[in-house]
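Engineer: Here it is, the structure, as structure tokens.
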Amino acid sequence: MCLALPARVIARSGDDAVVELGGVRQNVSLALVPEAAVGDYVIVHVGHAIGLLDTEEAEHTLALWAELQARPAGDGRAAP
């Protein structure tokens, strides 16, 4: 299973960028989304931004992810 999460671009230099997700910063390639700018959300998978995501959708996805992380392990509830 693969998981790609939205991260905000905080710096850019050519096809390289620094993105931040949950306080963690990572260097990624923007070669597949050259239109990405500082402040945009991108979907990151294995070190590459693979798509742009609008702010509202990114924030909704991150809120759902935070809710899942806050649940106790094995609480028996299905994911939203």
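The values are calculated or read from the model by the stated rules, or taken from the named source; none is laboratory data. Computed from a prediction, not measured in an experiment: that's the story for all the values here. Heads up, the Cβs are rebuilt from the backbone with ideal geometry, glycines too, and the neighbour counts pull from every protein chain shown. These accessible areas exclude ligands, DNA and RNA; they are computed on the full protein's heavy atoms, side chains included. Shrake-Rupley method; radii C 1.70, N 1.55, O 1.52, S 1.80 Å.
Engineer: Are any residues in segment 15-26 open to solvent by 20 Å² or more (accessible area, probe 1.4 Å) and either of a type outside the set (D, E, K, R) or under 16 Å from residue 61 (Cα atoms) (or both), and if so, which ones?
Structural biologist: 18, 20, 21, 22, 23, 24, 26 - these are the residues of segment 15-26 that are open to solvent by 20 Å² or more (accessible area, probe 1.4 Å) and either of a type outside the set (D, E, K, R) or under 16 Å from residue 61 (Cα atoms) (or both).
Engineer: Considering only segment 1-18, state which residues are over 12 Å from residue 45 (Cβ atoms) and assigned to a strand (DSSP E or B).
Structural biologist: 8, 9, 10, 11, 12, 13, 16, 17, 18
Engineer: With 8, 12 as the choices, which residue is within 10 Å of the chain's Cα centre (by Cα) and open to solvent by 60 Å² or more (accessible area, probe 1.4 Å)?
Structural biologist: Result: 8 is the single residue among 8, 12 that is within 10 Å of the chain's Cα centre (by Cα) and open to solvent by 60 Å² or more (accessible area, probe 1.4 Å).
Engineer: Report every pair of residues separated by at least 6 positions or lying on different chains whose Cβ atoms are under 6 Å apart, first residue within segment 22-51 and under 10 Å from residue 8 (Cβ atoms) and aromatic (Phe, Trp, Tyr), second at pLDDT below 95 and open to solvent by less than 30 Å² (accessible area, probe 1.4 Å).
Structural biologist: 41/6; 41/58
Engineer: Out of all the residues in segment 27-60, which are surrounded by 12 or more Cβ atoms within 10 Å (Cβ to Cβ), at pLDDT 95 or above and among the polar types (S, T, N, Q)?
Structural biologist: Across segment 27-60, the qualifying residue is only 29.
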